[in-house]
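Undergrad: My structure is below; once you've seen it, I'll send some questions.
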Amino acid sequence: MLAAVVDGLGHGDGANQASLLAIATLQANLDKDVLQLTRLCHTALSGTRGVVMDLAAIDAHAGKLSWIGVGNVEAVLVRSGKIYPRPYERVIQRSGVVGYQIPVLKESSLPIDIGDLLIMTTDGIHANFTEMLSGQAGNSTHQIAHNILDRYGKENDDALVLVARYTGTNL
């Protein structure tokens, strides 16, 4: 299972075209890992405005999440209850623009457990949305996404919130 948040740079047709090209590249290469997918998108988006994006791949058989982030997007894995050092983990964001200039890329991997929440946002959401996560575990993914958007959405930017709960075989 692959989850992705893609945000084209700027606004209008150029940003939309870059985002659509990135999504098409991801869809055409679902057999690749997140590192390969990021590199493929970088090549495909050369000459466009580029995008910032987070990718998260879940291997249900191994109980593992692999993720990577480039640019000002956020991805958080909220733990469902097992004892971990932190109640949530953040993807390590690397500055850059996919299609223009990307940093040295490195994916991160961590265990994922049934009930864990994957939350991904674009820069239209204030990064401090994690302040409200502890009281949200019992809510539906739809309600969590709306709560984040309502409380932390920026009025002067477009925003996207993706929330998925891991059930063991899919999201």
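Undergrad: Out of (1) closer than 20 Å to Leu162 by Cβ; (2) in contact with a Gly (Cβ under 9 Å, 6 or more places away or on another chain); (3) at pLDDT below 95, the odd one out for Asp59 is which?
TA: Single failed check for Asp59: (2).
Undergrad: While we're looking at this one, here's another question. Consider only pairs whose beta carbons are under 6 Å apart and that are at least six residues apart or on different chains; among these, list those whose first residue lies in region 34-48 and is at negative phi and whose second residue is hydroxyl-bearing (Ser, Thr, Tyr).
TA: Here the result reads Val34/Ser66; Leu40/Thr25; Cys41/Thr25; Ala44/Thr25, each pair linking region 34-48 to a residue that is hydroxyl-bearing (Ser, Thr, Tyr).
Undergrad: Also: Tally the residues that are among the hydroxyl-bearing types (Ser, Thr, Tyr) and touching a strand residue (DSSP E or B) at 6+ places or on another chain (Cβ under 7 Å), restricting the search to region 1-45.
TA: Total meeting the criteria: 2.
Undergrad: Would you confirm whether any residue within region 102-109 is at pLDDT 90 or above, among the small types (Gly, Ala, Ser) and either at negative phi or in contact with a Pro (Cβ under 9 Å, 6 or more places away or on another chain) (or both)?
TA: The answer is yes, given that some residue of region 102-109 is at pLDDT 90 or above, among the small types (Gly, Ala, Ser) and either at negative phi or in contact with a Pro (Cβ under 9 Å, 6 or more places away or on another chain) (or both).
Undergrad: Go through region 101-130 and give me each residue that's over 16 Å from the mean Cα position of the chain (by Cα) and in a loop (DSSP other than H, G, I, E, B).
TA: Ile102, Pro103, Val104, Asp113, Ile114, Gly115
Undergrad: Among the residues that make up region 36-47, is at least one of them over 21 Å from Thr167 (Cβ atoms) and modelled with pLDDT under 95?
TA: yes
Undergrad: Here is a check on your reading of the model: is Leu133 surrounded by 14 or more Cβ atoms within 10 Å (Cβ to Cβ), within 17 Å of the chain's Cα centre (by Cα) and under 23 Å from Ala18 (Cα atoms)?
TA: Spelling it out, it is not the case that Leu133 is surrounded by 14 or more Cβ atoms within 10 Å (Cβ to Cβ), within 17 Å of the chain's Cα centre (by Cα) and under 23 Å from Ala18 (Cα atoms).
The values are calculated or read from the model by the stated rules, or taken from the named source; none is laboratory data. Everything quoted here is computed from the prediction, not taken from an experiment. Note that each Cβ is placed from the backbone with ideal geometry, even for glycine, and that neighbours are counted across all protein chains shown.
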